[in-house]
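The values are calculated or read from the model by the stated rules, or taken from the named source; none is laboratory data. Small disclaimer: the values here were computed from a predicted structure and weren't measured. A quick note on method: Cβ atoms are made from the backbone with ideal geometry, for glycine too, and the neighbour counts reach across all protein chains shown.
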Amino acid sequence: MRLLLLSDIHSNLEALEACLAAAPAHDRVVNLGDVVGYNASPNEVCERVRALGGVVVRGNHDRACAGLSDLSEFNLVAAMSARWTQTMLQPEHTDWLRDLPQGPLWEEDLPGLEFVHGSPRDEDEYLLTAPSALLDFGLCGHSNVIFFGHTHLQGGFVYKAGRTQYFTPSYSGGKGVIESQMTLVPGERYLINPGSVGQPRDNEWRAAFALYERDGDAPPTVTFYRVPYDVQQAQARVLAANLPERLAIRLALGR
Ligand code: ZN
């Protein structure tokens, strides 16, 4: 059983297409939210994500762009892009975003797995530190593996022997598609972020995603990926849409 894990696509069509082209065969897609916001292809990305099916958790940008929350908690650039997105979205996509379920989500046939945007406690929480991760481990007794997004940082936390440790994937370099696999140790618990497809912030511009694989009695694995994409085209779309220049610049910097 293989799950393709996508998060924080943020209306970046070029990055999404590159990830889907690089993704290995999978049984289901799990999307951890923030389908829209920031970048310039909201309708194209909504269409593609809806066609993929699977599980979609709503993100804070999905909520704001669908008009479910005001923009007072957004910084200026995020608010400008949310307003632009609201005016551009086709009504059917706005309706779809508005109806997305708030996390945490569980699937009956995927026992032990949980899917959230920010954290199990709060869809808007940035899960950045071991102490806050520890609180989430304490809360979610029935999930061994919690997949989250929102921070745009690939990696996560492992809870073992009463301690929480932060980890990031270790890649062995390379310029094209790179991947890094970890085995999930039975008895340990994990909070795992596949990284951001459309606006990575870990000083690496390549689009991020992950694959969860469970096969019989073998311990499950998670493989992290980074995928080059046509970043100039994504930047050109941002600028052509008169979105803030900062949103184009940051794509090439990966932060
Ligand atoms: Zn996001």
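Summary of computed values
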| quantity | calculated |
| --- | --- |
| Residue match in the stretch 106-115 (condition: part of a loop (DSSP other than H, G, I, E, B), in contact with a Cys (Cβ under 9 Å, 6 or more places away or on another chain) and modelled with pLDDT of 90 or more) | no |
| Filter pass, Gly118 being touching a strand residue (DSSP E or B) at 6+ places or on another chain (Cβ under 8 Å), at pLDDT 95 or above and of a type in the set (Gly, Ala, Ser) | no |
| Residues within the stretch 205-252 that are part of a loop (DSSP other than H, G, I, E, B) and surrounded by fewer than 17 Cβ atoms within 10 Å (Cβ to Cβ), tallied | 8 |
| Leading residue by the ranking (nearest to Asp124 (Cα to Cα)) among those in the stretch 55-75 that are in contact (Cβ under 8 Å) with a residue 40 or more places away in the chain and of a type in the set (A, V, I, L, M, F, W, C) | Val57 |
| Flag if Leu97 is away from the ligand (no atom under 15 Å from the Cβ), under 19 Å from the mean Cα position of the chain (by Cα), at negative phi and of a type outside the set (Asp, Glu) | no |
| Matching option when the condition is touching a residue at least 60 places away in the same chain (Cβ under 8 Å) and either touching a Gly at 6+ places or on another chain (Cβ under 9 Å) or away from the ligand (no atom under 16 Å from the Cβ) (or both), among Leu20, Leu16, Leu52 | Leu16 |
| Filter pass, Ser69 being surrounded by 24 or more Cβ atoms within 10 Å (Cβ to Cβ) and either more than 19 Å from Asp230 (Cα to Cα) or more than 14 Å from the chain's Cα centre (by Cα) (or both) | no |
| Options Ser41, Ser7: the member that is within 16 Å of the ligand (Cβ to nearest atom), in contact with a Ser or Thr (Cβ under 8 Å, 6 or more places away or on another chain), modelled with pLDDT of 95 or more and farther than 19 Å from Leu89 by Cα | Ser7 |
| Wholly enclosed helices (runs of 4 or more DSSP H) of the stretch 1-99 bearing at least 2 residues among the hydroxyl-bearing types (Ser, Thr, Tyr) | 76-88 |
| Pairs, first at pLDDT below 95 and of a type in the set (Lys, Arg) in the stretch 147-160, second outside any loop (DSSP other than H, G, I, E, B) and more than 11 Å from the ligand (Cβ to nearest atom), C-beta under 8 Å, six or more apart | Lys160/Arg189 |
| Restricting the stretch 72-129 to residues that are of a type in the set (Val, Ile, Thr) and exposed (fewer than 15 other Cβ atoms within 10 Å of the Cβ), the residue that is farthest from Ala40 (Cα to Cα) | Thr129 |
| Flag for Leu128 being farther than 18 Å from Gly198 by Cβ, under 15 Å from the mean Cα position of the chain (by Cα), not in a helix (DSSP H, G or I) and not basic (Lys, Arg) | yes |
| Residue identified as of a type in the set (A, V, I, L, M), away from the ligand (no atom under 13 Å from the Cβ), within 17 Å of the chain's Cα centre (by Cα) and under 17 Å from Gly149 (Cβ atoms) among Val29, Val36 | Val29 |
| Condition check for Arg214: over 22 Å from Asp8 (Cα atoms) and touching a residue at least 24 places away in the same chain (Cβ under 8 Å) | yes |
